[in-house]
Amino acid sequence: MYVRSIYATGDPAKLDGVAEALRTEGRELLSAQPGFRGMGLFADRELGKLLVGSWWEDDASRQASFENLSKRRAELMAPFAQTMTVDNWEAAVARRAEDLGPSAGFRLVRMDVEQSDTDLLVDTFRDISLPKLQKIPGLAGISLLVDRDRDRAAVGALYTDRDALVASRGVVAAVRGEAAAKVRVTTSSLEEFEVVLATAVPHV
């Protein structure tokens, strides 16, 4: 499985209209592309941030969809996005437990990892961190993404509601610290979002 993420910032007052367009038309456009396997749309309405993640069966499908939709994607994002960054990832681990309601939350942690430790990070996350994280009340899904070309990784976690997201912070920080003691990895950013849309994706 492969993932494309689009991270956009802009005027918070213009976020809702674009988020709705992405939730409806954007989802329809992606769903029509060969190899499409799921989508996540996350918003920080206070600061003016949108994060879009799309899941693909293979790298060729991801690349083809990016080229096919480039013009319409730019048009949909234009009313809001003042900055926009596109990243490509390999989905090393993905777990989705249940459907999400309107109050769901999402946490994204970005990391820099020593190139030789990428596989160790994946093994540590799957075998040590994941079993502990899956015991957290309200955890609805979690994934580990890696970018081997740029020595980066990201962990995205879905929670059933805002209270569960907030309550998980201490436990997750401890698990993150434990992993950092085993793998040469440093946290580069930690962000939380409201879930606008999160469709189910296959387990990896």
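The values are calculated or read from the model by the stated rules, or taken from the named source; none is laboratory data. Here the structure is a predicted model, which means the values were calculated and not measured. Cβ atoms come from the backbone with ideal geometry, glycine included; neighbour counts cover every protein chain shown. Calculation scope for accessible area: heavy atoms of the full protein, side chains included, ligands and nucleic acids excluded. Shrake-Rupley method; radii C 1.70, N 1.55, O 1.52, S 1.80 Å.
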Review point. Out of segment 56-78, which residues are outside any loop (DSSP other than H, G, I, E, B) and either open to solvent by less than 30 Å² (accessible area, probe 1.4 Å) or among the small types (G, A, S) (or both)?
Key: W56, A60, S61, R62, A64, S65, S70, A74, L76, M77
Review point. Within the bounds of segment 164-171, is there any residue that is in a helix (DSSP H, G or I), touching a residue at least 24 places away in the same chain (Cβ under 8 Å), touching a Lys or Arg at 6+ places or on another chain (Cβ under 8 Å) and buried (at least 17 other Cβ atoms within 10 Å of the Cβ)?
Key: yes
Check your understanding: Residues of segment 66-93 being in contact (Cβ under 8 Å) with a residue 40 or more places away in the chain and either of a type in the set (S, T, Y) or touching a Gly at 6+ places or on another chain (Cβ under 8 Å) (or both), which ones?
Key -> R73, L76, P79, F80, A81, Q82, T83, T85
Practice item. Please work out if A198 is under 18 Å from the mean Cα position of the chain (by Cα), modelled with pLDDT of 95 or more and open to solvent by less than 30 Å² (accessible area, probe 1.4 Å). Key: no
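Tell me which residues, restricted to segment 176-195, are acidic (D, E), surrounded by fewer than 18 Cβ atoms within 10 Å (Cβ to Cβ) and touching a residue at least 60 places away in the same chain (Cβ under 8 Å). First the steps, then the outcome.
At the first step, the residues of segment 176-195 found to be acidic (D, E) are 178, 191-192, 194.
Next cut, surrounded by fewer than 18 Cβ atoms within 10 Å (Cβ to Cβ) only: 178, 191-192.
E191, E192 - these are the residues of segment 176-195 that are acidic (D, E), surrounded by fewer than 18 Cβ atoms within 10 Å (Cβ to Cβ) and touching a residue at least 60 places away in the same chain (Cβ under 8 Å).
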Practice item. Kindly indicate whether any position in segment 28-40 is surrounded by fewer than 17 Cβ atoms within 10 Å (Cβ to Cβ), hydroxyl-bearing (S, T, Y), closer than 23 Å to A154 by Cα and out of contact with any Pro (no Cβ under 9 Å at 6 or more places or on another chain). Key: no
Review point. Can you pull out the residues in segment 93-112 that are touching a Ser or Thr at 6+ places or on another chain (Cβ under 8 Å), more than 16 Å from A43 (Cα to Cα) and assigned to a strand (DSSP E or B)?
Key: V93, A94, R95, R110, M111, D112
Review point. Take the residues of segment 79-121 that are loosely packed, with under 13 Cβ neighbours inside 10 Å and among the hydroxyl-bearing types (S, T, Y): which is farthest from L165 (Cα to Cα)?
Key: S116
Review point. Which residues, taken from segment 36-49, are in a strand (DSSP E or B) and in contact with a Ser or Thr (Cβ under 8 Å, 6 or more places away or on another chain)?
Key: F36, G38, M39, G40, K49
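Does S54 satisfy the criteria of being at pLDDT 95 or above, of a type in the set (S, T, N, Q) and under 20 Å from L158 (Cα atoms)? Can you show your working first?
Values: at pLDDT 95 or above: yes; of a type in the set (S, T, N, Q): yes; under 20 Å from L158 (Cα atoms): yes.
It is true that S54 is at pLDDT 95 or above, of a type in the set (S, T, N, Q) and under 20 Å from L158 (Cα atoms).
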